[in-house]
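Structure first, commentary second.
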Amino acid sequence: MLAVILGFLGGTFFPVGQAGGILADLRFITPHAWFMRGLGDLAGGNVADVFPAVGALLLFGLVTGAIAALGLKKGLQP
């Protein structure tokens, strides 16, 4: 359910960035928007343009992975 909501905010289902305003700025709090931006930059032909999107996705993975590791550590203790 969370993935679908983030997909809507990130512009996976429809182009949120074309709406403008605060919604266009809020979409970058989701990994979906960064993935879509990376695909768009990659379609332009320059691989170096993809690095900011890849960095943002790696940051999302590190943060959520750390949260999951802390939760797992708490759950495994007696």
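At-a-glance table
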| read-out | value |
| --- | --- |
| Residue tally, condition exposed (fewer than 14 other Cβ atoms within 10 Å of the Cβ) and modelled with pLDDT of 90 or more, over the stretch 6-39 | 2 |
| Members of the stretch 40-62 found to be farther than 17 Å from Pro15 by Cα, at pLDDT 90 or above and either touching a Cys at 6+ places or on another chain (Cβ under 8 Å) or hydrophobic (A, V, I, L, M, F, W, C) (or both), listed by number | Leu42, Ala48, Val50, Phe51, Ala53, Val54, Ala56, Leu57, Leu58, Leu59, Phe60, Leu62 |
| Cβ pairs under 6 Å, 6+ apart, first in the stretch 59-78 and surrounded by 10 or more Cβ atoms within 10 Å (Cβ to Cβ), second assigned to a helix (DSSP H, G or I) | Phe60/Pro31 |
| Residue tally, condition part of a helix (DSSP H, G or I) and either in contact (Cβ under 8 Å) with a residue 24 or more places away in the chain or of a type outside the set (D, E, K, R) (or both), over the stretch 1-43 | 30 |
| Selection status of Ala48, exposed (fewer than 10 other Cβ atoms within 10 Å of the Cβ) and assigned to a helix (DSSP H, G or I) | yes |
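The values are calculated or read from the model by the stated rules, or taken from the named source; none is laboratory data. Nothing here was measured: the structure is a model prediction, and the numbers come from that model. All Cβ positions, glycine included, derive from the backbone under ideal geometry; neighbour counts span all protein chains shown.
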